[in-house]
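Take a look at the structure below.
The values are calculated or read from the model by the stated rules, or taken from the named source; none is laboratory data. Nothing here was measured: the structure is a model prediction, and the numbers come from that model. Here the Cβ positions follow ideal geometry from the backbone for every residue, glycine too, while neighbour counts run over all protein chains shown.
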Amino acid sequence: MITDEQTLNGAKFKHGTPVPVYDDGYGPLWIHRDSLGISGIVRARTWEDAYAICEDEFFPPADDEAGEEMEKIESMEDGPDKQHAQACFDESYGFRGNTLRMPDGTSSSIYARDLNGDILERLTPSTLDALGIVLDIRNA
């Protein structure tokens, strides 16, 4: 769908709403979806690279409660209670590889996971058609 001589410049639904994109320069296209819908389309060499980009670029920031919860866990003594609290935190939140600058000027290092699940899969022409998405791919 895209060659190394092309760039992914954008994407939108046929009715005009934009879809966030990130082009890492090489590789196939991937689409990330969660329970709220499509969070973005990524171009990356591997699934792992694409997922890391989604964590950095598309996943929503955690609320202030996440930082407070992390501090609470760090102050706990080692043992089953701390392990349980850490497991609950890890299920709900993740850490970005790169801090994301938010539109309001704040930064976000912790993202909120979708507890209903998410999926990252290769983007195919039939998926594009089924979702009604049009890609803006340009020659470099």
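Residue under question is GLU69, and the condition is that it be over 16 Å from TYR22 (Cα atoms) and not small (Gly, Ala, Ser); does it hold?
Spelling it out, GLU69 is indeed over 16 Å from TYR22 (Cα atoms) and not small (Gly, Ala, Ser).
What residue, of ASP129, ASP136, ASP104, ASP114, is within 18 Å of the chain's Cα centre (by Cα) and either assigned by TED's automatic domain parsing to the domain that holds GLY40 or closer than 30 Å to ASP23 by Cβ (or both)?
Going through ASP129, ASP136, ASP104, ASP114 in turn, the sole match is ASP114.
With region 1-83 as the region, which strands (runs of 3 or more DSSP E) entirely inside it contain at least 2 residues that are surrounded by 14 or more Cβ atoms within 10 Å (Cβ to Cβ) and in contact with a helix residue (DSSP H, G or I) (Cβ under 8 Å, 6 or more places away or on another chain)?
Strands (runs of 3 or more DSSP E) meeting the threshold: 29-34, 37-43.
Go through the residues of region 87-94 one by one and say whether even a single one is aliphatic (A, V, I, L, M), more than 16 Å from the chain's Cα centre (by Cα) and outside the structural domain of ARG45 (by TED's automatic domain parsing).
Yes: one or more hits.
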